[in-house]
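To keep things clear, I will list the structure first and then write my remarks on it.
The values are calculated or read from the model by the stated rules, or taken from the named source; none is laboratory data. Because the structure is predicted, anything quoted here is derived from the model rather than measured. A quick note on method: Cβ atoms are made from the backbone with ideal geometry, for glycine too, and the neighbour counts reach across all protein chains shown.
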């Protein structure tokens with residue numbers, strides 16, 4: 001029984017670690033049907049669900065914080081996104097920030113979209 005409990009605890013910790021270190025490597029799709037989520041870029045961070053900062057290195061795009069690294073291949077991406085022309089067609093409203101320190105979730109209820 002004790003070994004069973006230890007196995008459950010270890011499995012839980014590994015799962016939690018893999019979720020918390022999930023990167024934000026994204027690929028911009030040409031078709032909404034190929035995308036995992038549809039996003040719309042708003043003009044104000046106050047209208048956004050997520051404030052995003054584009055990082056220069058895939059190693060800087062860690063966790064689900066809004067630090068995105070755009071990859072050239074959909075096979076290297078954690079998420080495939082499609083940029084819509086209307087916010088009403090989008091699953092997620094984003095704003096591109098000028099600083100990585102501005103990246104943040106403004107509506108945490110939508111965080112699940114990027115896990």
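All but one of (1) under 17 Å from residue 89 (Cβ atoms); (2) at pLDDT below 95 hold for residue 50, so report the exception by its number.
(2)
Please determine, by comparing only the residues of the stretch 28-69 that are assigned to a strand (DSSP E or B) and over 13 Å from the mean Cα position of the chain (by Cα), which one is surrounded by the fewest Cβ atoms within 10 Å (Cβ to Cβ).
Of everything passing the filter in the stretch 28-69, 41 is surrounded by the fewest Cβ atoms within 10 Å (Cβ to Cβ).
Count, please, the residues in the stretch 81-103 that happen to be assigned to a strand (DSSP E or B) and surrounded by fewer than 17 Cβ atoms within 10 Å (Cβ to Cβ).
Qualifying residue count, the stretch 81-103: 2.
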